[in-house]
Amino acid sequence: MRVASWNINSLRKRQDRFFAWLETERPDIVCLQETKCPDEQFPVLALQAIGYHSAYHGEKSYNGVAILSPSGPSQVRTSLCDEVVDPQARVISAKIDNHLVYSVYAPNGQAVGSPAYQYKLEWYRRLHDCLAKENCAELIVCGDFNVAPEDVDVFDPQLWRGAIMCSDGERAAFRQLCELGLRDTLRLHHKESGLFTWWDYRMLSFQKNRGLRIDAVLARNALANKCTASGINRELRKGKDPSDHAVIWAQFDR
C-alpha cells in the first residue's frame, strides 16, 4: 500500500500535471493540501473516470485539503473534532478500508511571535487533542506541517535558527504529535540530510537544493512497523510551473 502526500499549490492550475502523475504512479491513498479549490469546482467526475474516489474540503483561492483513493472514503469529517468553527479549510479525515487518514495543511505562522504564529500553535494544540482521541491502530496523518522538525530537515540550520517553521515552539508542537505514537516514516528509512520537500520559488532555491522538509507522512506505531519504504519525489518540483512542494510518500505491507 502506497500513501502519498502533496501540497499541490492550486489543483486547478496543476491539474494536468496531477492527473499524469496519478495515472502513472497509482498510489493507494493520496492526501492533497493547498488545493485552492472550492468544493463545487473539485474534479470529482474526472477522478472517478480514472478510478479514484474523493473526499475534499476547499475554499476559494486559499488552503483546501483532500483525500483520494480507489476505495471510497467513508466517515468523512471536514474539521477538527473539537467542533470549533474555523473558516480555514485545513483538515479533512476519512476512513479508507481499515485506515483512518488525515490530510492536514498547518498554518504558516508568518513570523515568530505574531498573532498568526499564536494561531498556528493553538491550531497544533487542537490537532494534538483531536488525534489523542483517535483509537484506530491504522492511523495515518499526512500533510504540509509547515515545520522542519529537526536541523537535518533544513539546508542551513544556522541561517534558519529560530525562524518561522524552525522555531522551538513549532518544533515542540510537531514533536508532541509524534509523542502520541506517530512515527515520521521518511526517517524510518532515511537518516541523511539534504532531503527536502519545499523550495522557495526565488533565488534558484530548487536548483541549489536550498530547501526545507516541512511535509510528512506520519503513521501510528502498529502501521509504522509495516513501513517498507519511504521517499520524496523531487521530479514533480521540476519542469514548467511546478508546485513549490514535492510529493512525499511511504509504502506499507498490507
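The values are calculated or read from the model by the stated rules, or taken from the named source; none is laboratory data. From a predicted model like this one, the values you see are computed outputs, not experimental measurements. When we count neighbours, we look across all protein chains shown, and the Cβ atoms used for this are built from the backbone with ideal geometry, even at glycine.
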- Elements of type strands (runs of 3 or more DSSP E) contained in the stretch 149-250, each with 1 or more residues being closer than 27 Å to E122 by Cβ: 182-184, 215-220
- Task: Could you tell me whether the stretch 108-123 includes any residue that is closer than 17 Å to R175 by Cβ and within 14 Å of the chain's Cα centre (by Cα)?
- Result: no
- Condition met for D153 (more than 30 Å from S71 (Cβ to Cβ) and in contact (Cβ under 8 Å) with a residue 60 or more places away in the chain): yes
- Query: So which of D153, D144 is under 17 Å from I232 (Cβ atoms), of a type in the set (D, E, K, R) and in contact with a Leu (Cβ under 9 Å, 6 or more places away or on another chain)?
  - Reply: D153
- Message: Would you confirm whether or not the stretch 168-185 contains a residue that is touching a strand residue (DSSP E or B) at 6+ places or on another chain (Cβ under 7 Å), within 17 Å of V247 (Cα to Cα) and not basic (K, R)?
- Response: yes
- Inspect the stretch 151-173 for any residue being crowded, with 23+ Cβ neighbours inside 10 Å, within 19 Å of the chain's Cα centre (by Cα), under 27 Å from D97 (Cα atoms) and at pLDDT 95 or above and give the result as yes or no. no
- Task: Taking V141 as the residue in question, decide whether it is β-branched (V, I, T), within 15 Å of the chain's Cα centre (by Cα), buried (at least 19 other Cβ atoms within 10 Å of the Cβ) and closer than 24 Å to A250 by Cα.
- Result: yes
- Item | Subset of the stretch 69-88 (residues that are without any contact (Cβ under 8 Å) to a residue 40 or more places away in the chain and touching a Pro at 6+ places or on another chain (Cβ under 9 Å)) | Q88
- Does V101 satisfy being outside any helix (DSSP H, G or I) and either basic (K, R) or more than 27 Å from I29 (Cα to Cα) (or both)? no
- Only one residue in S79, S74, S54, S93 is in contact with a helix residue (DSSP H, G or I) (Cβ under 6 Å, 6 or more places away or on another chain) and among the polar types (S, T, N, Q). Which one? S54
- Message: Any residue in the stretch 92-118 that is under 23 Å from R2 (Cα atoms) sitting within a Cβ distance under 6 Å of a residue that is among the charged types (D, E, K, R) and surrounded by 24 or more Cβ atoms within 10 Å (Cβ to Cβ)? List the pairs, counting only those 6 or more apart or interchain.
- Response: Y105/E34; Y105/R90; Y105/D144
- Is it fair to say N108 is polar (S, T, N, Q), modelled with pLDDT of 95 or more, within 20 Å of L195 (Cβ to Cβ) and in contact with a helix residue (DSSP H, G or I) (Cβ under 8 Å, 6 or more places away or on another chain)? no
- Message: Given (1) under 28 Å from A137 (Cα atoms); (2) part of a helix (DSSP H, G or I), identify the lone condition not met by K95.
- Response: (2)
